[in-house]
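Just so it is clear, none of the values below were taken in a lab; they were calculated from the coordinates. Just so you know, these numbers come straight off a predicted model, no measurement behind them. Methodologically, a virtual Cβ is constructed for each residue, glycine included, from the backbone with ideal geometry; neighbour enumeration extends over all protein chains shown.
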There are 2 protein chains.
Amino acid sequence: MSKDPIALNDALASFDARWSPRVVTRVNDYDVRVAKAEGEHVWHVHEDTDEFFLVVDGELHISLREPAGERTVVLRPGSVFTVPRGTEHKPSAPKGASIMLFEPTGTSSVGDRHDEVPAHLDATTGHELGT
Amino acid sequence: MSKDPIALNDALASFDARWSPRVVTRVNDYDVRVAKAEGEHVWHVHEDTDEFFLVVDGELHISLREPAGERTVVLRPGSVFTVPRGTEHKPSAPKGASIMLFEPTGTSSVGDRHDEVPAHLDATTGHELGT
C-alpha cells in the first residue's frame, strides 16, 4: 500500500495497455484498480461479486443482460455504477475511456464465465502498478 | 442499488451538510459514500478496516499518527489514498472539498475510538442518498 496519495491520472499515464487493469491501492481484501478501455470487452459474469465502475475520463458503456432484457448504461466522467453479481455484462468504450474499479482482490477481469476472450483483452486479476 | 449510473456531482449537489456522508451505491458489503468536507474532522481510528479516500473537488488533508511520528498527506482532485486500519487519522479541508469513500457498510464516520466529537461533525454510518 502506497504511503503517499496517488493521482489517478499519473497511474493511468504509467501504462498504455487497453483492458488491462492495474492495482492502485487495496482496501482490506478489495482492490482499487484503474484501466484504459477502448473498443469492446467481452460478455462475462462475476457470479459471486458486485463490480464498481467510476469513469475518470471518456465515456464507458456497460451492456447488461437482465431478466427484463438487454440494456446499455452510459457513464461519463465522474459517474459511477455497480454491476450486481450474477449479471452478465459487457463494457465497451467506442471512443476510449479511463476507469477506476472496486472489486475483491483476485477477481478476474473476464469473470467466472465468459465468451471467448479476444486477443486484445487481458484476462487478469490485475497487475501491480508500474508493471 | 441504483439501476442507473449516478453522477457524483449530482449526488453531492443533493445535500449541503459537511462531514455527513451519503451512500451512493454498495459493492457487496461495502459502501461507496460521498461527503462534503470543510474545516476539521476529529482524530479517530478504525481498528478493523482500511478506509479509502478519493478527492472529487477541492483539497483534502489527512493527518496521520504513525509509528514514526505525525504527518499530513494532501489529496487534490483525482487523487486517492488508503488509511490503513489501526492508524489514527484526522481529515481536514481548510478550503473545502468533496470526497468519495469506500469502506465496509456499518463503518462509523468517527471510527471505533475518537476524540470528543464537535457539534459540526455527524457521527454516522452514512445516510441514504436523498435524505
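Overview of values
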read-out: Rg over Rh [alpha-carbon atoms, Kirkwood Rh] for segment A:8-128; value: 0.92
read-out: Listed residue (B:HIS114, B:LEU101, B:THR131) projecting farthest to the positive dipole end of segment B:92-131, Cβ model; value: B:LEU101
read-out: CD proxy at 222 nm, helix term only [per DSSP H run n ≥ 4: -39500 (n - 2.57); per residue of chain A; nearest 500]; value: -1000 deg cm²/dmol
read-out: Average Cα contact separation per residue, segment B:43-89, under 8 Å, 6 or more apart, as relative contact order %; value: 54 percent
read-out: DSSP loop GluC sites (Glu not before Pro) with at most 13 other Cβ within 10 Å: longest gap in chain A; value: A:48-115
read-out: Dipole in debye (nearest 20) - chain B, about Cα centre, beta carbon charges: Lys, Arg +1; Asp, Glu -1; value: 300 debye
read-out: Relative contact order of segment A:8-128, defined on C-alpha pairs under 8 angstrom at six or more residues apart (%); value: 35 percent
read-out: Residues B:ARG65 and B:GLU38, FRET efficiency given R0 of 25 Å [Cβ-Cβ distance, rounded to 0.05]; value: 0.65
read-out: Cα radius of gyration and Dmax for the protein assembly as shown (Å); value: 18.0, 57
read-out: Alpha carbon centroid spacing (whole Å) that separates segment A:90-107 from segment A:7-55; value: 4 Å
